[in-house]
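Data block below; observations after.
The values are calculated or read from the model by the stated rules, or taken from the named source; none is laboratory data. In this text the structure is predicted, and so the values were computed from the model without any measurement. Ideal geometry is used to build each Cβ from the backbone, glycine not excepted, and the neighbour counts take in all protein chains shown. What goes into the accessible areas is simple: the full protein's heavy atoms, side chains included, and nothing from ligands, DNA or RNA. Shrake-Rupley method; radii C 1.70, N 1.55, O 1.52, S 1.80 Å.
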Amino acid sequence: MASKKKTIIDFRRMAKEGEKIVYLTGYDYLTAKYEERAGVDMILVGDSLGNVVLGYDSTYPVTMEDMIIHCKAVRRGAPNTFIVGDMPFMSYQVSNEEAVANAGRFVKEAGADCVKLEGLTDSCIERIRAINDAGMLVMGHIGLTPQFGAQMGGNKAQGKSYEAALKLIEGAKRIEEAGACSILVEGVPAVVGKAITEQANIPILGIGAGSYTDGQLLIYADMVGYFDDFTPKFVKRYGNVGGELLRAFTEYAEEVRSGSFPDDSVHAYKINPDEAAAIEALIAERFGK
Ligand code: KIV
């Protein structure tokens, strides 16, 4: 039986009661189907789509159109899972109006339950307030925020000094006050993840932020051993999907080349023997074969 979709009320209760929230990225129908079957609580259709699926070397080129297509596919694969649509670069930076309109597309066209946006600048906080005021759920994202990668001098761990940690801790509070339903904290020391979680009244999710946060996110393709262009320190591998694909593709290529696949006694459609004989007779008559 399909499990009931969790809501923000469930996530608040889970955070309060210390029940960890299981969060994974997903980008397509099939993967989302397996995630839902496995009982994942929340799926992020992340703009990491750019690296993981589209082959870009950053998330900057990802468009709203890309995100909507993939978010729709994830919704079809996981109809009973809480889905977060990640707002791509330049879908919310320009104005509150654009941010609200694009958040609305995630909810209205793609069936997302919530949107997420990166950053803790004043304008990011304004966008969170505007999206919340428009009646949508919005998750903040602080710490290592790849859309600010150029300003951070690359995608490096954040909050490693007292001053930097304080900025994140205070920023998280401002994001909560602006109406965010939750915050994702990425790439910070465990002590900073803990401090942010302890002071928050909303669920704090972590990716590379230690074990203390209310839930954990990983990029699914990292944790199943599928994406191997680079692997962040905080990733644990639970599978070897890439290795299994390589083995299967190699074996298939060998069998096609050797003629051992397909085996007509197994992999071909059957036909009445009289029809087969008539077709062979026709070919012999017409083409002399
Ligand atoms: O796009 C994404 O998958 C993300 C995570 C890396 C946090 O934002």
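Tabulated data for the structure shown
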| read-out | value |
| --- | --- |
| Accessible surface ranking that places the most exposed of Phe249, Phe11, Phe261, Phe148 first, with a 1.4 angstrom probe | Phe249, Phe261, Phe148, Phe11 |
| Between helix 273-287 and the chain: long-axis angle, C-alpha atoms, 0 to 90°, nearest 10 | 70 degrees |
| Residue-averaged 222 nm ellipticity for the chain, from DSSP H runs of 4+ at -39500 (n - 2.57), nearest 500 | -13500 deg cm²/dmol |
| Longest to shortest principal axis, alpha-carbon extents of the stretch 42-116, angstrom | 32, 30, 17 |
| GNM result for the chain, Cα springs below 10 Å: residue of Tyr60, Tyr23, Tyr162 fluctuating most strongly | Tyr162 |
| For the stretch 267-289 and the stretch 103-152, distance of Cα centres in Å | 63 Å |
| Surface accessible to a 1.4 Å probe, Ser161 within the full protein complex, Å² | 60 Å² |
| Average Cα contact separation per residue, the chain, under 8 Å, 6 or more apart, as relative contact order % | 14 percent |
| Segments 181-191, 99-109 sorted - mean Cβ within 10 Å per residue, highest first | 181-191, 99-109 |
| Label-point separation in nm, Lys156 to Tyr269, each point 7 Å along Cα→Cβ | 6.2 nm |
| Reach of Lys5 by Cα under 20 Å, taken over aspartates and glutamates that are not fewer than 8 positions away in the same chain | Glu17, Glu19, Asp28, Glu35, Glu36, Asp41, Asp86, Glu109, Asp113, Asp214 |
| Difference of contour (0.36 nm per residue) and Cα-Cα distance, Ala134 to Lys167 | 9.1 nm |
| Cα-only radius of gyration and Dmax that characterise the stretch 1-102, units Å | 14.6, 44 |
| Value of relative contact order over the stretch 131-207, rounded to a whole percent, pairs C-alpha under 8 Å and six or more apart | 35 percent |
| Calculated on alpha-carbon atoms, Rg and Dmax of the stretch 66-184 in Å | 14.4, 44 |
| Rounded if a/c under 1.5, otherwise prolate or oblate - the stretch 200-289, Cα gyration tensor axes | prolate |
| Alpha-carbon radius of gyration plus Dmax, which is the widest Cα pair, for the stretch 117-158 in Å | 11.6, 35 |
| Global form of the stretch 1-54, assessed from the alpha-carbon gyration tensor, a/c cut-off 1.5 | oblate |
| Candidate lysines - alpha carbon under 26 Å from Lys6, same-chain residues fewer than 8 apart omitted | Lys16, Lys20, Lys33, Lys72, Lys108, Lys116, Lys173, Lys194, Lys236 |
| Relative packing of 207-216, 223-232, which averages over residues the other C-beta atoms within 10 Å, highest first | 207-216, 223-232 |
| Whole-percent pair-distance distribution, where bins are 5 Å wide, for the alpha carbons of the chain | 1, 5, 11, 15, 17, 15, 10, 5, 3, 3, 4, 3, 2, 2, 2, 1, 0, 0 |
| Euclidean distance of C-alpha centroids, the stretch 191-245 and the stretch 1-79, integer Å | 14 Å |
| Gain on full stretching of the segment that runs from Ala248 to Ser58 - 0.36 nm per residue minus C-alpha separation | 65.5 nm |
| Positive-pole candidate from Asn155, Gly288, Asn272, dipole of the chain, charges at beta carbon | Asn155 |
